1. What tally of residues in region 144-163 results from selecting those that are buried (at least 20 other Cβ atoms within 10 Å of the Cβ) and of a type in the set (Gly, Ala, Ser)?
2. With the checklist (1) within 20 Å of Ala148 (Cβ to Cβ); (2) in contact with a strand residue (DSSP E or B) (Cβ under 8 Å, 6 or more places away or on another chain); (3) surrounded by 16 or more Cβ atoms within 10 Å (Cβ to Cβ) in hand, flag the one item Trp70 doesn't pass.
3. Go through (1) closer than 20 Å to Arg145 by Cα; (2) in contact (Cβ under 8 Å) with a residue 24 or more places away in the chain; (3) part of a helix (DSSP H, G or I) one by one and return the number of the condition Glu105 breaks.
4. Which condition breaks for Thr9 when tested against (1) surrounded by fewer than 23 Cβ atoms within 10 Å (Cβ to Cβ); (2) within 18 Å of Gly85 (Cβ to Cβ)?
5. It is to be established whether one or more residues within region 7-15 are modelled with pLDDT of 95 or more and either of a type outside the set (Ser, Thr, Tyr) or more than 12 Å from the chain's Cα centre (by Cα) (or both).
6. Among the numbered conditions (1) assigned to a loop (DSSP other than H, G, I, E, B); (2) touching a residue at least 40 places away in the same chain (Cβ under 8 Å), tell me where Gly27 comes up short.
Amino acid sequence: MCGHMFVVTGGPGSGKSTLIDALHERGFASMPEAGRAIIRDQVQIGGTALPWADKAMFAELMLGWELRSWHEASALENPVFMDRGVPDVVGYLTLSGLRVPAHVEAAAKTYRYNRIVFIAPYWETIFGQDAERRQDHEEAEATGRVMADTYARFGYQLVELSKVTVEERVTFVLDLLNAG
């Protein structure tokens with residue numbers, strides 16, 4: 001386990017990336033979200049590894065991305081904030097009603113993060129759709145629940161982020177890290 005690697009997870013449009021960007025602006029290392037980058041690349045090249053085309057292949061690309069991010073972050077010494085992690089791939093497959101392959105389950109058990117995982121709940125006020133985020137609010141809420149269940153199943157301690165300003169979220173996260 002890499003105790004300096006902190007996952008921020010939850011449903012789409014819950015403020016995860018905004019929080020991580022704010023932490024990055026304060027000098028903390030971060031790893032970007034896989035999903036949006038994969039969608040952009042697949043659309044650009046006419047690929048089918050997309051959540052609305054080939055969900056299983058999309059999950060495999062996300063797994064590869066998350067493993068690369070894990071290795072890159074594990075080489076660092078100071079805290080790193082991860083925009084999702086390997087267990088998110090398990091959650092995505094579960095949410096999609098697809099079988100979780102043994103190698104994906106093994107990856108989630110092998111590539112560990114700090115036991116504290118921050119979860120951003122569905123937040124109607126800031127939720128929005130765009131070309132890469134096509135989920136509706138029901139799927140966004142369901143994603144948050146599945147990610148919470150998935151991380152708990154893998155033994156992580158979930159800490160829910162309040163629906164407050166970005167600066168208040170940053171202060172909350174940093175206070176929790178300093179207390180630990």
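The values are calculated or read from the model by the stated rules, or taken from the named source; none is laboratory data. Given the structure is predicted, the values throughout are model-derived calculations rather than measurements. Note that each Cβ is placed from the backbone with ideal geometry, even for glycine, and that neighbours are counted across all protein chains shown.
1. 2
2. Unmet condition: (1).
3. For Glu105, the exception is condition (2).
4. Looking at each condition in turn, Thr9 falls short on (1).
5. There is at least one residue in region 7-15 that is modelled with pLDDT of 95 or more and either of a type outside the set (Ser, Thr, Tyr) or more than 12 Å from the chain's Cα centre (by Cα) (or both).
6. It is condition (2) that Gly27 fails.
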